[in-house]
There are 2 protein chains.
Amino acid sequence: MEIREVFARNLEAAGRAKGLSQEELAHRAGIDRTYISSLERSVYNASIDVVDHLATVLEIEASDLLKRRPEKK
Amino acid sequence: MEIREVFARNLEAAGRAKGLSQEELAHRAGIDRTYISSLERSVYNASIDVVDHLATVLEIEASDLLKRRPEKK
């Protein structure tokens with residue numbers, strides 16, 4: 001799985017785990033909602049500064065957002 | 001610690017652990033040595049594609065390169 005997709009899935013899952021909509025996550029992070037949406041569709045090659053900023057808002061570690069999970073069959 | 005510095009230290013440590021000079025790492029990754037050097041000095045905001053590519057060359061996970069380690073006092 002490409003790292004962008006790993007990040008996209010982890011970002012979405014972390015937002016869901018916190019009960020945050022894309023809109024609320026975007027608001028808290030001070031980032032446009034369409035940018036979050038694009039990240040969750042693996043459109044952009046996020047920078048580590050953005051990854052770390054989103055992780056802070058989600059109260060997790062930046063490394064958590066890049067962790068490869070076992071793929072479902 | 002800023003994420004760029006976390007990445008810089010982990011990148012340097014992982015290269016050292018593999019016995020790779022900056023030059024050899026750059027060669028294997030197909031990236032300019034000056035770019036690697038800049039990443040190790042926290043100059044650039046690396047993208048996750050670059051992080052993942054370097055991790056692959058270093059035979060570790062992308063998430064390992066963003067892991068915050070306990071800071072020395």
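Each value in this text was obtained by applying a stated rule to the coordinates, not by laboratory testing. These numbers were taken from a predicted model, which means no experiment stands behind them. Here the Cβ positions follow ideal geometry from the backbone for every residue, glycine too, while neighbour counts run over all protein chains shown.
For segment A:45-70, the set of residues classified as within 15 Å of B:Asp49 (Cβ to Cβ), outside any loop (DSSP other than H, G, I, E, B) and either more than 7 Å from every other protein chain (Cβ to nearest Cβ) or in contact with an Asp or Glu (Cβ under 8 Å, 6 or more places away or on another chain) (or both) consists of A:Val50, A:Leu65, listed by residue number. Of the candidates B:Glu2, B:Glu59, the single residue that is exposed (fewer than 13 other Cβ atoms within 10 Å of the Cβ) and closer than 17 Å to A:Ala46 by Cα is B:Glu2.
Considering segment A:5-44, and only residues there that are assigned to a loop (DSSP other than H, G, I, E, B) and hydrophobic (A, V, I, L, M, F, W, C), the residue that is surrounded by the fewest Cβ atoms within 10 Å (Cβ to Cβ) turns out to be A:Val43. Do you know which residues across segment A:4-44 are aliphatic (A, V, I, L, M) and over 22 Å from B:Ala62 (Cα atoms)? Residues satisfying the conditions are A:Ala17, A:Leu20, A:Leu25, A:Ala26, A:Ala29, A:Ile31. When you scan segment A:26-40, how many residues do you find that are more than 23 Å from B:Lys67 (Cβ to Cβ), in contact (Cβ under 8 Å) with a residue 24 or more places away in the chain and either over 10 Å from the mean Cα position of the chain (by Cα) or facing chain B (nearest Cβ under 9 Å) (or both)? Final tally of qualifying residues: 1.
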